[in-house]
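A.B. asks: To start, I am sharing the structure in question, which I have written as structure tokens.
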């Protein structure tokens, strides 16, 4: 059982001992720290925070703890209930709130939950802000409101519908063209809020939808990370239903992957590649992804006469570099689409709408679209951290061992070989070292990942 305190939020497993897991006491402490930070940032201000959650079994419990802790600090709550991460991000500026919290552990299994913290723009906090909140939590110097100054809770029951309308209004989303395409789509909502949001969007786009695991009860029917090995039911259903494609999202709907009409994965790395191809074909410009993402985005960007740059892993790092380079689209190779015309956050609804606009314009098969892009193959492995593995020391040894190669240590260690690369980094959200590789064949990518995994384990 684990509690991970990082600048990207507070994430842990439910139950167990305080300070070791995400217990009620820990949820209250970190909610108090966030609320206190807002009070320090906005003194003498009537504060409000947008609060939403995914469908995890622990979601209602954690929401009540966090919500009424903030109420106890005198902070008003805009409760959007069962929602998605990008929906909460959009609602923060819409309701002129000073912050937002999404209660979700993203792709982690059902025993996990987390507090993901937003600023007044509906964007994730930067490193300094995150550290300040952790310091406040450590000090436990909280001052709660008196009985006449408690916060109030306002329910917003149509936040997802507002999100859908926002997506439909984007300039490159060709609603009429999509409706005329007569598409049939299978949606795997992993029994979380994506089972609500994605079908609503598809219905608004006139797409025939076959729902698979779209009951938001928090009982994930498979590992919620949208990877090929977890999606055998989706693959079979796409084939059985003779659907044009399959769509799968993670529990909080900021990651997106597609499946071709033949039941084969489009590749979560290629979610961003396809959406960027469409956007760049209409509005040329620059792109950004993190350094664990495929080279194919660089290839596509340069094909459209734009400039590509890579950031450290983490949404806040991608967003920072996107703003700096005025990128018109970016994201992460895990299926996260960031489209600034909408907002600076990964948004599966935006990704679906852009992809369907591209597909409707091409009037072809999803498999043909995938075949039109540069063909790279990735292996994504991990090493569970144990007392015998000191992550920072292991990465330092790897950097020194391969110092004659092209190396970046912006985020862990990335080693660029001529026709392949490996990226080794300590996760911010799990007690693991991630081992990501890319090469021109699957066997080469897997072999490279196995090689580096074994090298680290042998240290």
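Just so it is clear, none of the values below were taken in a lab; they were calculated from the coordinates. Only a predicted model underlies this, so the values are computations on that prediction, with no experimental measurement involved. As a convention, Cβ positions derive from the backbone with ideal geometry for all residues, glycine included, and neighbour counts pool all protein chains shown.
A.B. asks: Eigenvalues of the Cα gyration tensor times 5, then square-rooted: what semi-axes does that give for segment 182-257, in whole angstrom, largest first?
C.D. replies: Semi-axes (√(5λ), whole Å): 18, 15, 10.
A.B. asks: Something else now. From zero outward in steps of 10 Å, how is the percent of C-alpha pairs of segment 344-388 spread across the bins?
C.D. replies: Spelled out per bin, shortest first, that is 19, 29, 30, 13, 8, 1.
A.B. asks: Here is a follow-up. Expressed as cubic angstrom per residue, what is the convex hull volume of the alpha carbon set of segment 58-136?
C.D. replies: In segment 58-136, the Cα convex hull volume per residue is 104 Å³.
A.B. asks: Then there's this: Treat each spin label as a single point 7 Å out from the Cα along the C-beta direction, and report the residue 169 to residue 417 distance in nm.
C.D. replies: 5.0 nm
A.B. asks: What whole number of Å gives the distance from the Cα centroid of segment 234-278 to the Cα centroid of segment 365-389?
C.D. replies: 14 Å
A.B. asks: Related question: Taking 8 Å as the Cα distance limit and 6 or more residues as the minimum spacing, I'd like the relative contact order of segment 230-353 as a percentage.
C.D. replies: 25 percent
A.B. asks: Measuring from centroid to centroid over Cα atoms, what is the spacing of segment 137-205 and segment 402-433 in Å?
C.D. replies: 35 Å
A.B. asks: Continuing with this model, one more query. Determine the relative contact order of segment 3-157: mean sequence separation of Cα pairs under 8 Å and six or more apart, normalised by residue count, in whole percent.
C.D. replies: 32 percent
A.B. asks: Classify segment 110-248 as rounded, prolate or oblate, taking a ≥ b ≥ c as the square roots of the eigenvalues of its Cα gyration tensor: rounded when a/c is under 1.5, otherwise prolate if a/b is larger than b/c and oblate if not.
C.D. replies: prolate
A.B. asks: Rounded to the nearest 0.05, what FRET efficiency do residue 428 and residue 375 give with R0 = 41 Å and r taken as the Cβ-Cβ distance? Could you check?
C.D. replies: 0.85
A.B. asks: Same structure again: For residue 40 and residue 68 in the same chain, what is the full-extension length gain: residue separation times 0.36 nm, less their Cα-Cα distance, in nm?
C.D. replies: Additional length available on full extension: 8.2 nm.
A.B. asks: Let me ask something else about it. What length, rounded to one decimal in nm, is gained on full extension from residue 60 through to residue 131, with 0.36 nm per residue of separation minus their alpha-carbon distance?
C.D. replies: 22.9 nm
A.B. asks: Put a dot 7 Å past each Cα toward the Cβ at residue 361 and residue 389; how far apart are the dots in nm?
C.D. replies: 4.3 nm
A.B. asks: Something else now. For a footprinting-style exposure proxy, rank 270, 308, 42 by other Cβ within 10 Å, fewest first.
C.D. replies: In order of increasing Cβ crowding within 10 Å: 42, 308, 270.
A.B. asks: Mind checking the full-extension length gain between residue 396 and residue 228? Use 0.36 nm per residue of separation minus the Cα-Cα distance, one decimal, nm.
C.D. replies: 57.3 nm
A.B. asks: May I ask you to derive the relative contact order of the chain, considering only C-alpha pairs under 8 Å and at least 6 residues apart, and to give it as an integer percent?
C.D. replies: That works out to 12 percent.
A.B. asks: Okay, moving on. Quick one: if the Förster radius is 35 Å, what FRET efficiency do residue 408 and residue 442 give, using the C-beta to C-beta distance and rounding to 0.05?
C.D. replies: Result of the calculation: an efficiency of 0.90.
A.B. asks: Counting helices only, and only those DSSP H runs with n ≥ 4, report the 222 nm mean residue ellipticity of the chain as the sum of -39,500 (n - 2.57) divided by its residues, in deg cm²/dmol to the nearest 500.
C.D. replies: Only helices count here, giving -11500 deg cm²/dmol.
A.B. asks: Hey, another quick one. Using a ≥ b ≥ c from the Cα gyration tensor of segment 340-459 (square roots of the eigenvalues), is it rounded, prolate or oblate, where a/c under 1.5 gives rounded and otherwise the larger of a/b and b/c decides, a/b for prolate?
C.D. replies: Since a/c reaches 1.5 and a/b is larger than b/c, the shape of segment 340-459 is classed as prolate.
A.B. asks: Rounded, prolate or oblate: which one fits segment 3-157, using the alpha carbon gyration tensor with axes a ≥ b ≥ c (rounded when a/c is under 1.5, else prolate when a/b beats b/c, else oblate)?
C.D. replies: rounded
A.B. asks: At what distance in nm do the modelled label points of residue 141 and residue 6 sit from each other, each positioned 7 Å from its Cα along Cα→Cβ?
C.D. replies: Label-label distance for residue 141 and residue 6, simple model: 2.8 nm.
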